[in-house]
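Every number here is computed from the coordinates shown, using simple stated rules; none is lab data. Only a predicted model underlies this, so the values are computations on that prediction, with no experimental measurement involved. FYI the Cβ positions are ideal-geometry reconstructions off the backbone, even for glycines, and counts take in every protein chain you see.
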């Protein structure tokens with residue numbers, strides 16, 4: 001049976017039920033509180049799943065789905081494998097510029113523009 005902890009004696013200690021005593025004085029405490037932020041209707045799982053199903057129901061992905069409605073200040077790229085040479089990648093920017101390159105140490109390194 002879990003012990004009850006009064007709290008309040010020392011600043012910063014939570015009130016609640018001790019669920020598990022781990023090592024070195026570390027405890028898992030159920031405070032009974034939830035701090036979930038409200039989710040916008042457009043971000044619920046049902047809405048996002050419906051959008052995903054619609055997007056994946058047809059071949060290819062639209063440019064708008066990859067890059068959003070407008071060009072943003074930060075760089076956003078779409079990557080695909082070069083069909084003629086699978087060891088190379090094609091990086092496409094928001095404005096449609098395509099660059100062939102490779103991944104070197106996890107970073108894209110341009111070889112030539114298309």
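So if each residue of separation counts as 0.36 nm, and I subtract the Cα-Cα distance between residue 19 and residue 61, what length gain in nm does that give?
Gain on extension, residue 19 to residue 61, equals 10.4 nm.
Which three numbers, in whole Å and largest first, are the semi-axes of the equivalent ellipsoid of segment 41-113 derived from its Cα gyration tensor as √(5λ)?
28, 15, 12
Could you list 19, 89 in order of exposure, starting from the residue whose Cβ has the fewest other Cβ atoms within 10 Å?
19, 89
So, by mean Cβ neighbours within 10 angstrom, what's the order for 56-62, 42-48 with the highest one leading?
Peptide ranking by packing, descending: 42-48, 56-62.
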